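The values are calculated or read from the model by the stated rules, or taken from the named source; none is laboratory data. What you are looking at is a predicted structure, and each value in this text was computed from that prediction instead of being measured. Because the Cβ atoms are built from the backbone with ideal geometry, glycine has one as well, and the counts that use them run over all protein chains shown. Keep in mind that these areas ignore ligands, DNA and RNA; they rest on the heavy atoms of the full protein, side chains included. Shrake-Rupley method; radii C 1.70, N 1.55, O 1.52, S 1.80 Å.
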Amino acid sequence: MNNKIWLSSPHMGGGEMKYVQDAYDTNWVAPLGPNVNNFEKELADKLGIAGVAALSSGTAAIHLALIILGIKHSDEVICSSFTFSATANPIMYQSATPVFIDSEADTWNMDPELLETAIKDRIKKGNKPKAIVFVHLYGMPAKIYDILEISQRYDIPVIEDAAEALGSRFNKQSCGSFGLMGILSFNGNKIITTSGGGALVSNNLKYIEKARFLATQARDKAPHYQHSEVGYNYRMSNIVAGIGRGQLEVLESRIIKRRENNQFYRKLLSDYDFISFQNEPKNHFSNYWLTTIIVGTNKQGITSESIRLSMEQENIETRPLWKPMHLQPVFAGYPVYLNGVSERLFNHGLCLPSGSNLSEPEKERIVRCFEAIL
Ligand SMILES: *Cc1c(COP(=O)(O)O)cnc(C)c1O
């Protein structure tokens, strides 16, 4: 059997070890230290944002953002339905109520029109939403200006889930830097990784300080351990931050490679007009974290699932698109505003191997497999 071709696997740059070694040699083996501080600075520079709090995961970052906004029991929080569950789970940690919004067909992200419909309806029902959490799925920037304009008009703060969109830009500005707070993830499958990790980013340094405070058990200023708030153990470790510093050095080349992968699939599948792609509208620059296709109806009876199964036979990993949150058993019964787009994407979509370490021989295997299927 050939080696497995992964959807998106870690791709070390080589520079990581010197930072990890340095942490080891100086005994900064702790959830604080020079790598954490420098990773925060270097990431802030990359994004063009004032402040970064390095955390244990992207999920933790969303959780802290909600806590900082004061989200609590029975508050409503608007959330993209078409996403990974990590976007919505922290709303549940706060015993708040998620209100799911379907996607628009251009970027596959939160539909601004439905967003406004939902806000008006929630207000009419007497419970004005306290926050909006929206995503840039697969690296594709959402219709950010439309979402921000609505959030400002109704005075509802925005949390931007850029977990999949590090290095993506809208109108030349980095994703993650538009919302009141943004979050990033450095999980093993993301465009760069620290093995596991995340960050909360903001131009408001008060939020960043508050995130660091809450992430380190909310210790008051006192010689003894004194607490006036519930704290969390959400800080990034100095070892992990060392990996992150090395990874940041190669981020640009990783984006180039992922975009090349996207071009490779477009060329490979250009003869099949029932296969379509997630496209960049004007001013949208995607890191193309994952290349995704939609398989429309065709005479041969090929479906996204039949492609997935054929690929699996050849030890090539592909995956259906995210199953929308409003279709997940755990979120059944929560309010949702629908137009059918995300369900259609889920039923006909497939993520293709997109790692920046995808080799030429691996690409040839994928070509052969597609040729056999098509
Ligand atoms: C990966 C991911 C997260 C969560 O990040 P973790 O670091 O794995 O906790 C959140 N939202 C989206 C859209 C993601 O893809």
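Points to keep in mind about this one:
- Condition met for Ser253 (touching a helix residue (DSSP H, G or I) at 6+ places or on another chain (Cβ under 6 Å), part of a helix (DSSP H, G or I) and of a type in the set (Ser, Thr, Tyr)): no
- Apart from one condition, Ile275 fits all of (1) open to solvent by 20 Å² or more (accessible area, probe 1.4 Å); (2) without any contact (Cβ under 8 Å) to a residue 24 or more places away in the chain; the exception is (1).
- Output for the range 349-371, where each listed residue is in a helix (DSSP H, G or I) and open to solvent by less than 80 Å² (accessible area, probe 1.4 Å): Glu362, Lys363, Arg365, Ile366, Val367, Cys369, Phe370
- Complete set of residues in the range 150-161 that are surrounded by 13 or more Cβ atoms within 10 Å (Cβ to Cβ) and out of contact with any helix residue (DSSP H, G or I) (no Cβ under 6 Å at 6 or more places or on another chain): Ser151, Ile156, Pro157, Glu160
- Candidate set from the range 251-270 (those that are open to solvent by 30 Å² or more (accessible area, probe 1.4 Å) and touching a residue at least 60 places away in the same chain (Cβ under 8 Å)); member that is farthest from the chain's Cα centre (by Cα): Leu268
- Residue ID - farthest from the ligand (Cβ to nearest atom), chosen from residues in the range 174-189 that are under 19 Å from Ser253 (Cα atoms) and not hydroxyl-bearing (Ser, Thr, Tyr): Cys175
- Residue within the range 206-215 that is of a type in the set (A, V, I, L, M) and within 14 Å of the ligand (Cβ to nearest atom) present: yes
- Residues that are in a strand (DSSP E or B), within 11 Å of the ligand (Cβ to nearest atom) and not hydrophobic (A, V, I, L, M, F, W, C), drawn from the range 190-205: Gly198
- Subset of the range 281-305 [more than 30 Å from Asn171 (Cα to Cα), out of contact with any Phe, Trp or Tyr (no Cβ under 7 Å at 6 or more places or on another chain) and open to solvent by 40 Å² or more (accessible area, probe 1.4 Å)]: Lys299, Gln300, Gly301, Thr303, Glu305
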